[in-house]
């Protein structure tokens, strides 16, 4: 085996290599050791560290390595061979190590249900104790890369990160909708929790970032949740309900198959039914299907068969049992037995015919058109609600219109023979 006279290492490729073992170990005194910037070289012989060298050019002799004389009995002077392993440790600081955690199940504070989350980001590491790093992590390998580092401690890293993330979101009541506003706080918390973990390995955690929190779509359940949230957002923007969307889909499918005959998905009959549902048919089956107030589940004592019987039975069907209604203010469901909406505090103003909640200023039911008693009129100029007995609007000071030929809702002129306002449909006073 040839005696090595010069030892050095220059990293190759794009992957970061944290530690590299020089392939030859048959050295000699006066061997030249070249250590580049951002590197440190460690010499091991017979299982113990015999020398540590920083950047520069070093000569391996008994002057720099006094322990050589005791280990090998080398005489002073001459090129005497000895066996040693040379390790180069890369001290470069990396800022772009990616990390990702999937299938993080958490009870979300916004949706009040379990959501599968996917959280990702980047972090940076720097080796601060090369000797501890080699002994605890590298072992008998010849090379230790960034991929080796992340794979070797993926399990422990994931466990610590998951625990910290769930604790942060639950204790601070942070949900999926608002977690993006707390990414900096979450990043600082995780950096604090993981610093000791890396420090014990001779590594410093210099940076830690959480860059994205999203629904984990790697599973069928996650994809369904993502789709449901997207649908809910769409309905919130357009102002329609889930029942209405289902009816629109049914009607579109039926209209699309009108030319296919009775065996092609409904044909002409299906198209006519779709048109019937879309037009309402004067409050018949179509309007009931399009109206989310109908066919709501009851809480006992009501109609076990659904809302169709309640529709036919009028007021009797409405008061026979407690059903779920939609608040006219916040559009959230609440039982009809309550006097106020538990979500926003709006007073429940039920229609005597169908039980739907109506705004304070409504003179007719927004659902079935039934006349509502005691509905306060609005000023046609500033639309302020005018209390009973007022002669002037409390909002703009305009006189209250008492002429029977003037609409009390919109201020339009009503022909003498008309019973309803031709502009807004309000009944003549």
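The values are calculated or read from the model by the stated rules, or taken from the named source; none is laboratory data. Note that the coordinates shown come from a computational prediction; the quantities given were computed from them, not determined experimentally. Note that each Cβ is placed from the backbone with ideal geometry, even for glycine, and that neighbours are counted across all protein chains shown.
When you look at residue 104, is it buried (at least 16 other Cβ atoms within 10 Å of the Cβ), under 29 Å from the mean Cα position of the chain (by Cα) and under 30 Å from residue 43 (Cα atoms), yes or no? Break it down stepwise before answering.
Details: buried (at least 16 other Cβ atoms within 10 Å of the Cβ): yes; under 29 Å from the mean Cα position of the chain (by Cα): yes; under 30 Å from residue 43 (Cα atoms): no.
Judged against the criteria, residue 104 is not a match.
Could you check segment 143-184 and list, in sequence order, the residues that are under 20 Å from residue 126 (Cα atoms), touching a residue at least 60 places away in the same chain (Cβ under 8 Å) and not in a helix (DSSP H, G or I)? 143, 144, 145, listed by residue number.
Counting only residues that are buried (at least 19 other Cβ atoms within 10 Å of the Cβ), free of Cβ contacts under 8 Å to residues at least 40 places away in the same chain and over 58 Å from the mean Cα position of the chain (by Cα), give me the strands (runs of 3 or more DSSP E) lying completely in segment 1-65 with at least 3 of them.
Counting at least 3 such residues, we get no strands (runs of 3 or more DSSP E) at all.
Residue 217 fulfils the conditions (1) assigned to a helix (DSSP H, G or I); (2) surrounded by fewer than 19 Cβ atoms within 10 Å (Cβ to Cβ) except for a single criterion, (1). When every residue of segment 114-135 is checked against the conditions, none turns out to be assigned to a helix (DSSP H, G or I), over 27 Å from residue 22 (Cβ atoms), free of Cβ contacts under 8 Å to residues at least 24 places away in the same chain and not assigned by TED's automatic domain parsing to the domain that holds residue 23.
In this structure, is residue 169 surrounded by 16 or more Cβ atoms within 10 Å (Cβ to Cβ) and touching a helix residue (DSSP H, G or I) at 6+ places or on another chain (Cβ under 6 Å)? In short, no. Test residue 66 against the stated conditions and say whether it is under 30 Å from residue 149 (Cβ atoms) and not assigned by TED's automatic domain parsing to the domain that holds residue 123. Criteria not met by residue 66.
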